[in-house]
Amino acid sequence: MPSKVLHAALLYFKRFYVQSSCLEHDPTRVMPTCIYLACKVEEAYRSGESLAKAMGIEPSTVLRFEVPLLQGLQFDLVVHSPYRALAGLFKELDDLRLQSSPMLDPQLLAAPPDVIDKARGRARAAADSLLLTDAPLLHAPGVIAAAALRSAFRTLQLPCHQFLRHAAQRGKQQQVAAAAAGGGSGDGSSGSLDAAAAEQQLLANMAAVDDLVARQGEINEAGLQSRAAEVDRAIKLWKKGLQQQQQQQQQQQQ
């Protein structure tokens, strides 16, 4: 299944539970429908029957919840992936390396091609991990991509501060150009100040992403299993109480 489908499904799942409770909607029923909807939106269609068969569940489980899921998402199905931004950053990096640009960190400029390819793979893996946090709900795809790129180069002990500064300034220039094209104030009178502010904003956002990753890493597997078991018990008790309440209401009506 394409990564863009999995990314969209994960974002739908997260967005849905921002407004809804897992006590009202079983996550094991919501997730298959998120995947089914993502397949349609990302033009990688699979029928509900084939998807249900692959998951070992009934087709009705997938199809029945589609409308409630759309309502919970407020019919906003647009998803912006960090993978495209990440590919753009590495394309910019490759171009600057070909030009031997002074905008690059010296170590990054001198790195062998195979090291850059290794960083490319690690950055994509880092982006995959970041999508499991709350980062996609709080930060733009470009910020997640920049954080993933920095994480990859950190593991290879390669500094990339100058390149990230260039990326932030380039992004600010594109915003100014877009504002000017749209009739906004793009006179560029405070370009250097705006560029410095853009760099500081990018660094602050990446620090916030790093904090999310650090907090996620504090939850070890044993603790996660314990919390999952506690939540499962709470859900069962809630369902049992709801069933008892419904039975009492039926008896009163009779």
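Which sequence of ARG97, ARG233 reflects their accessible areas, 1.4 Å probe, from the largest down?
Result, largest first: ARG233, ARG97.
In what sequence, largest accessible area first, do ARG15, ARG29 appear using a 1.4 Å probe?
ARG29, ARG15
How much accessible surface area, in Å² rounded to 10, belongs to the heavy atoms of ARG165 with a 1.4 Å probe?
My reading of the accessible area for ARG165 is about 90 Å².
Using the Cα centre of the stretch 1-139 as origin and beta-carbon charges of +1 (Lys, Arg) and -1 (Asp, Glu), tell me which of SER60, ALA126, TYR83 is placed farthest towards the positive end of the dipole.
SER60
Might you work out the accessible area of MET103 for me, using a 1.4 Å probe with all protein chains in place, and round it to the nearest 10 Å²?
100 Å²
Determine how large the accessible area of ILE235 is when every protein chain is in place; take a 1.4 Å probe and give Å² rounded to the nearest 10.
Accessible area of ILE235: about 30 Å².
How would LYS53, LYS4, LYS236 line up by accessible area, probe 1.4 Å, largest first?
The ranking, largest first, comes out as LYS53, LYS236, LYS4.
The values are calculated or read from the model by the stated rules, or taken from the named source; none is laboratory data. Quick caveat: nothing in here was measured; it's all calculated off a predicted structure. When we count neighbours, we look across all protein chains shown, and the Cβ atoms used for this are built from the backbone with ideal geometry, even at glycine. Calculation scope for accessible area: heavy atoms of the full protein, side chains included, ligands and nucleic acids excluded. Shrake-Rupley method; radii C 1.70, N 1.55, O 1.52, S 1.80 Å.
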